[in-house]
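For reference, the structure discussed in these notes is given below.
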Amino acid sequence: MTTRAVVRGVGHYLPERVVPNAWFEDKIDTTDEWIRSRSGIENRRFAAEGETTSDLAVNAAKATLASADIDPATLDALIVATSTADFTFPSAATMVQHRIGMTGGFAFDVQAVCAGFVFALAQANALIISGQAKRVMVIGAETFSRIIDFEDRATCVLFGDGAGALILEAEEGGGTVSDRGILSTDLHSDGSHRDILYVDGGVSTQTTGHLRMQGKEVFRHAVEKLADTAHASLGKIGLTGADVDWIVPHQANLRIIKSTAQKMGVGMDRVIVTVQDHGNTSAASIPLALSTGVERGQIKTGQLLVTEAIGGGLAWGSVVLRW
Ligand code: UT7
């Protein structure tokens with residue numbers, strides 16, 4: 001028998017305020033048409049004044065616990081993937097731990113920017129298969145509206161706020177690719193690409209800073225690296241794109257999503273797409289897409305999913321799981 005980290009619940013939370021592309025037309029030199037055609041984005045959500053990343057994460061966590069009918073006190077570990085935590089410390093995860101009534105176990109943040117949820121899933125899987133935890137909640141939560149430079153038209157139109165969560169639980173499987181749960185992971189980073197996507201501030205520089213991106217360069221890396229990592233995680237378990245029921249990609253740009261699917265030989269009818277409604281929510285984008293995919297009736301128990309993401313660092317990776 002082989003221990004697998006199997007999905008027990010999924011949920012999400014989006015701030016109430018919907019910001020359509022038209023909102024930017026009065027503020028910067030842009031058009032709804034440019035944003036739609038270059039990125040696929042139509043709307044995004046922005047957190048209300050005073051609404052923080054941990055607030056979004058708590059709402060997503062509560063929705064997930066309620067839908068799975070799980071008592072928070074039975075969670076062994078909680079991981080929050082975020083680059084926009086409320087405070088320098090404590091971690092967003094320990095704040096969420098307290099606010100949802102998780103009275104034991106341990107909680108920590110993972111910071112791998114847009115690849116954060118994939119990295120956090122891999123950590124949760126490692127905790128479960130090594131026997132260190134039985135039930136783990138993984139949350140991706142971000143308020144990128146707080147680090148956007150609203151005068152930089154090349155970046156400010158792309159990002160949004162939100163949170164999504166999964167609960168994973170140890171289950172014994174037969175050790176084959178027919179098992180439910182996480183079947184394979186593939187993680188990478190390369191710090192030599194720091195300058196193409198970063199925030200020009202932080203604790204040690206005594207500023208908050210703003211997101212800076214060389215979009216074309218990041219695009220080039222994304223198109224190449226996302227298909228490569230998805231192939232790699234599938235290849236580790238002897239599978240290919242042909243075996244995949246759903247690609248659940250990081251939602252940064254519809255053109256990147258389409259090109260990755262094409263490279264994997266997967267039709268767009270087998271790709272979960274939410275970028276039009278959420279924009280790029282960084283570490284929250286994959287759990288938001290998973291939750292939305294389930295809500296829409298697209299993702300069903302037993303199907304094979306591959307998630308893939310790339311972000312600042314650069315950091316990128318993928319996870320194959322049977323839902
Ligand atoms: O989540 C982390 C990973 N991030 C990503 O994956 C994002 C990757 N990059 C992208 O998604 C795309 O590169 C963008 C959507 C950011 C930009 O698309 P692009 O096709 O690469 O456009 P571009 O940067 O080459 O800009 C084309 C033109 C430029 O004008 P010129 O120099 O050709 O005259 C820009 O100045 O579009 C102009 N432009 C805009 N025009 C209207 C840039 N931003 C805007 C804007 N509205 N908001």
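Bear in mind these aren't lab numbers, they're just calculated from the coordinates by the rules spelled out. Worth saying up front: this structure is predicted, and the values here are computed from it rather than measured. Positions of Cβ are generated from backbone atoms using ideal geometry, with glycine treated the same way; all protein chains shown enter the neighbour counts.
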DSSP-defined beta bridges in the chain - what % are antiparallel, rounded to 5
75
Diagonalise the Cα gyration tensor of segment 175-310 and give the resulting equivalent ellipsoid semi-axes, square root of 5 times each eigenvalue, largest first, whole Å.
28, 17, 15
With springs connecting C-alpha atoms under 10 Å apart, model the chain as a Gaussian network and identify which of Asp152, Asp161, Asp245 has the largest mean-square fluctuation.
Asp152
Expressed as a rounded percentage, what relative contact order does the chain have, with Cα pairs under 8 Å and six or more residues apart?
25
Amide H contacts of Leu197 (H built 1.01 Å from N, under 5 Å, at least 5 apart or other chain):
Gln214, Gly313
Lys/Arg Cβ at +1, Asp/Glu Cβ at -1, dipole of segment 2-173 taken about the Cα centre: which of Trp23, Ala126, Ile148 is farthest positive-ward?
Ala126
If you wrap a convex hull around the C-alpha atoms of the chain and split its volume per residue, what is the figure in Å³?
122
Taking a cut-off of 26 Å between Cα atoms, list the lysines near Lys27, but don't count ones fewer than 8 places away on the same chain.
Lys216
For the chain, calculated [θ]222 nm from helices alone, where every DSSP H run of n ≥ 4 adds -39500 (n - 2.57)
-9000 deg cm²/dmol
Pop the C-beta distance of Thr240 and Thr2 into the FRET formula with R0 = 22 Å and round what comes out to the nearest 0.05.
0.50
Show log10 I(q)/I(0) for segment 2-173 at q = 0.17, 0.19 Å⁻¹, two decimals, from a solvent-free Debye sum over equal Cα scatterers.
-0.96, -1.12
Can you give me the pair-distance distribution of segment 278-323, C-alpha pairs, 5 Å bins, whole percents?
5, 18, 27, 25, 16, 7, 2
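Normalised by the number of residues in segment 135-290, what is the relative contact order in percent for Cα pairs under 8 Å and 6+ residues apart?
30
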Let me spell out the model: positive unit charges on the Cβ of Lys and Arg, negative unit charges on the Cβ of Asp and Glu, origin at the Cα centre of segment 2-173. What dipole size does that give, in debye rounded to 20?
480
Filter the GluC sites (Glu not before Pro) in segment 142-224 down to the DSSP loop ones having no more than 13 other Cβ atoms within 10 Å, then list what survives.
Glu151
What is the Cα centroid distance between segment 21-40 and segment 187-218, reported in whole angstrom?
24
Segment 58-102-segment 222-272 distance, computed between alpha-carbon centres (Å)
29
